[in-house]
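Visitor: One structure coming up, written as structure tokens, with questions to follow.
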Amino acid sequence: MKELSLNILDISKNSVKAGASLTQILLDETDSTLTLQIIDDGSGMKADMVATVTDPFTTTRTTRPVGMGIPLLKLAAEMTDGSFHIESKHISEYPDNHGTKVTAIFNKNHIDFTPLGDVPASITTLIQGSPDADFLFRHTLPNGEVSVDTRELRAELSDVPLDTFEVILWIEEYLREQYEALK
């Protein structure tokens, strides 16, 4: 993928498909590193799936025999001399504490660092495409933080669905304004 924001979108959609009620998308950025964590409370994966999930020919999809999201994220991190780690607890073994945590660390100064891309558009697309799931997005930068939490939005909006056109426009603008304020 040409932008990390597309990896974020792809892997977060996997969380929604796994039944996650909350997916946390956490970016922690320093001058030299970017750490991406996607943490969900979905059904999780069994150990045999976790062991093979970085193989592009391992997928739960029925429409095609390959799954590229996690393998490409792992490759993107390792190409920058960074690292990748995934841990998961399956609901059958951990009925009260299940889910998946993906962590990728990137060296931003490496020539092969993939640009972050349009994060506000990806987060907005994610919320619009899964309006019944909750997302916490937080991007911590050296000079501040950008965040949105759909649980807070739901509390403010009452019965207004998150995928309402005006709400989606507001979310994207809200994120863009936060990034602009940090420039």
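Visitor: Checking the table Lys13/Lys183; Lys13/Lys74; Lys17/Lys46; Lys108/Lys183; Lys17/Lys183; Lys74/Lys183 against a 24 Å threshold on Cα-Cα, which pairs fail?
Guide: Distance filter (> 24 Å) returns Lys13/Lys183; Lys17/Lys183; Lys74/Lys183.
Visitor: Normalised by the number of residues in the chain, what is the relative contact order in percent for Cα pairs under 8 Å and 6+ residues apart?
Guide: It rounds to 25 percent for the chain.
Visitor: Which value in deg cm²/dmol, rounded to the nearest 500, describes the helix-derived mean residue ellipticity at 222 nm for the chain, given -39,500 (n - 2.57) per DSSP H run of n ≥ 4 and division by the residue count?
Guide: -11000 deg cm²/dmol, from helical runs alone.
Visitor: Could you run the Karplus curve 6.51 cos²θ - 1.76 cosθ + 1.60 with θ = phi - 60° over region 40-47 and give me ³J(HN,Hα) per residue in whole Hz, x for Gly and Pro?
Guide: Computed from phi, the couplings for region 40-47 are 10, 10, x, 5, x, 10, 6, 4 Hz.
Visitor: Could you report the accessible area of Asp112 in Å², rounded to 10, computed with a 1.4 Å probe on the protein chains as they sit in the structure?
Guide: For Asp112, solvent-accessible area is about 70 Å².
Visitor: Right, here's the next one. I'd like the accessible area for Thr54, computed on protein heavy atoms only with a 1.4 Å probe and all protein chains in place. Round to 10 Å², please.
Guide: Surface open to solvent at Thr54 totals about 40 Å².
Visitor: Where the Cα atoms of region 1-42 are projected onto their three principal axes, how long is each span, largest first, in whole Å?
Guide: 35, 20, 7
Visitor: On the first, second and third principal axes, largest extent first, how far apart are the outermost C-alpha atoms of the chain in Å?
Guide: 42, 40, 30
Visitor: For the chain, what is the charge dipole size about the Cα centre, in debye to the nearest 20, if Lys and Arg each add +1 at the Cβ and Asp and Glu each add -1 at the Cβ?
Guide: 620
Visitor: Grab every C-alpha pair in region 141-183, bin the distances at 5 angstrom width from 0 up to the longest one, and report whole percents.
Guide: Reading the bins upward from 0: 5, 21, 27, 20, 14, 9, 3, 0.
Visitor: Hey, another quick one. Report the label-to-label distance for Glu152 and Thr164 in nanometres (one decimal), using points 7 Å from each Cα along the Cα→Cβ vector.
Guide: 1.9
Visitor: Another question, if that's okay. Leaving out ligands and nucleic acids, and using a 1.4 Å probe, what accessible area per residue does region 85-183 come to in Å²?
Guide: So region 85-183 comes to 57 Å² accessible per residue, rounded to a whole number.
Visitor: Roll a 1.4 Å probe over the protein heavy atoms and report the accessible area of Ile86 in Å², nearest 10.
Guide: Accessible area of Ile86: about 20 Å².
Visitor: Additional query: Return the distance in nm (one decimal) between the two label points of a simple spin-label model at Ser21 and Gln128, each offset 7 Å from Cα along Cα→Cβ.
Guide: Each label point is offset 7 Å from its Cα along the Cβ direction, giving 2.8 nm.
Visitor: Per-residue counts of other Cβ atoms within 10 Å, averaged by peptide: what ranking do you get for 73-82, 170-179, highest first?
Guide: Final packing ranking: 73-82, 170-179.
Visitor: In whole Hz, what ³J(HN,Hα) sequence does region 142-151 give by Karplus (6.51, -1.76, 1.60; θ = phi - 60°), x for Gly and Pro?
Guide: Result, ordered by residue: x, 10, x, 9, 10, 7, 8, 10, 5, 5 Hz.
Visitor: Measure off, as a whole percent, the carbon and sulfur share of the 1.4 Å-probe accessible area of the chain, all protein chains present.
Guide: 53
The values are calculated or read from the model by the stated rules, or taken from the named source; none is laboratory data. Note that the structure is a prediction, hence the values are computed from the model and not measured. Using ideal geometry, Cβ is built from the backbone for each residue, glycine included, and neighbour counts are taken over all protein chains shown. Keep in mind that these areas ignore ligands, DNA and RNA; they rest on the heavy atoms of the full protein, side chains included. Shrake-Rupley method; radii C 1.70, N 1.55, O 1.52, S 1.80 Å.
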